[in-house]
Structure formats: C-alpha cells, structure tokens
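**Q** Once you've had a glance at the structure underneath, I'll fire off some questions.
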Amino acid sequence: MTPPYTLRPARESDLPDIVRLIRGLAEYEHLLHEATVTEDDLRTPLFGPLPRACAVLAEVNAQSVGIALFFYTFSTFKAQSNIFLEDLFVEPAHRGTGIGLALMRHVAQLAVSENCRFVEWRVLNWNRPSIDFYQRIGAEPITDWHTRQLGGDALAALAEGHPHG
C-alpha cells in the first residue's frame, strides 16, 4: 500500500513552504517571537554554491506538511561525519499518520548510506510527545554532556578579544 504522503529533497521554489513550516515549529515550541527567518535568509544556506544545510519535505496532495532540516557535523575521534537534525516538524493535522517516522527514517537511511556514526538532535524538555516518539524509535538521551551556547554580546566580546561581563 502506498503511503498518503511523499518525501522529497527541498528545492529553491519551496522556500515559502520551508519558512511556513519553520514558523509552525516555532509556534509549537512557543518561540515564534524568535523566528525572524525569511526566504532570502535561507536561500544561500540551503541552495547556494556551498550549502550549509539540507531539507527534506513531506507532501500530502502536493502540499508540504512536514520537514526535516539537517546539517553535517564531524567526529574528530572517529574521523566520521554525523547528521545533526536541526528541525523535525509535521503540521498538527498530519501528525499520527507516519510522516514524522518517515522523515526520521529518511534521515537515518541517509546517515547509514553516508557512513555517519549517528544522528543527533535536541528536544525541549517539556515536549513529552516528541520525547516519547524519540524513545519509541530507540533514541537515547545524552546525559554526559551539557549543551552550551555563546551569542549576542558575549560572542561579540570574545570575537573582539574582550572578556564578557
């Protein structure tokens, strides 16, 4: 039986849908105020001469309803690439139809075919439905590492050679 959706790599003409899906994810995560991304912001990173990220879209009746957006990282200890899944989102009306699992499977197949060591991502600690989904597919939490982020004034200060604070 053919699934009611198709997966395909995103094209530059999909930029309006990509932005819409990213904003849908931001709204779900209560971070819409931070989602300032535009089509022009994504054009070069996704489709320029040296792409920095990749996107796969899930479509139902030729309408984009889900996205997996990812990029490659590198393990120096093993000299192997990994995939970092930045965004996985399926519109609420299409959840529970297998699209999220299909997108994850697609990324996993890509990782295996390219000899990546693992696929890694973050999930907000309050997002129980996603945490449960990830546990069902065999993902394990990373407990030995803390995520850190350097941005804003602290990033600028470090770049300029000044201590922050």
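**Q** Assess whether Ala93 counts as being assigned to a helix (DSSP H, G or I), out of contact with any Leu (no Cβ under 8 Å at 6 or more places or on another chain) and more than 17 Å from Leu25 (Cα to Cα).
**A** Spelling it out, it is not the case that Ala93 is assigned to a helix (DSSP H, G or I), out of contact with any Leu (no Cβ under 8 Å at 6 or more places or on another chain) and more than 17 Å from Leu25 (Cα to Cα).
**Q** On to the next question. For residues in the range 96-150 being part of a loop (DSSP other than H, G, I, E, B), among the small types (Gly, Ala, Ser) and open to solvent by 40 Å² or more (accessible area, probe 1.4 Å), which is modelled with the highest pLDDT?
**A** Filtering first and then ranking leaves Gly138.
**Q** Here is a further query. Answer yes or no as to whether Phe133 is among the aromatic types (Phe, Trp, Tyr) and touching a residue at least 40 places away in the same chain (Cβ under 8 Å).
**A** no
**Q** How do the pairs read when you match residues in the range 95-110 that are under 13 Å from Ile67 (Cβ atoms) with residues anywhere that are assigned to a helix (DSSP H, G or I), using Cβ under 7 Å and keeping only pairs 6 or more apart or on different chains?
**A** Within 7 Å, the pairs are Gly100/Phe133.
**Q** On to the next question. If we keep just the residues of the range 1-37 that are of a type in the set (A, V, I, L, M, F, W, C) and part of a helix (DSSP H, G or I), which is surrounded by the fewest Cβ atoms within 10 Å (Cβ to Cβ)?
**A** Leu32
**Q** Which of the residues that make up the range 38-59 are open to solvent by less than 30 Å² (accessible area, probe 1.4 Å) and hydrophobic (A, V, I, L, M, F, W, C)?
**A** Within the range 38-59, Leu42, Leu46, Ala53, Ala55, Val56, Leu57, Ala58 qualify.
**Q** Here's something else I'd like to know. Looking only at the range 70-95, count every residue that is aliphatic (A, V, I, L, M) and open to solvent by less than 60 Å² (accessible area, probe 1.4 Å) and tell me the total.
**A** Of the residues in the range 70-95, 4 are aliphatic (A, V, I, L, M) and open to solvent by less than 60 Å² (accessible area, probe 1.4 Å).
**Q** Just checking, which of Ser81, Ser113, Ser75, Ser64 is of a type outside the set (Asp, Glu) and under 13 Å from Thr6 (Cα atoms)? Before the answer, list the steps.
**A** Numbers: Ser81 fails: under 13 Å from Thr6 (Cα atoms); Ser113 fails: under 13 Å from Thr6 (Cα atoms); Ser75 fails: under 13 Å from Thr6 (Cα atoms).
Selected residue: Ser64, the only one of Ser81, Ser113, Ser75, Ser64 that is of a type outside the set (Asp, Glu) and under 13 Å from Thr6 (Cα atoms).
The values are calculated or read from the model by the stated rules, or taken from the named source; none is laboratory data. For clarity, every value in this text was computed on a predicted model and none was experimentally measured. Please note: Cβ atoms are built from the backbone with ideal geometry, for glycine as well, and neighbour counts cover all protein chains shown. Ligands, DNA and RNA are stripped out before the accessible areas are found, and what is left, the full protein with its side chains, is counted by its heavy atoms. Shrake-Rupley method; radii C 1.70, N 1.55, O 1.52, S 1.80 Å.
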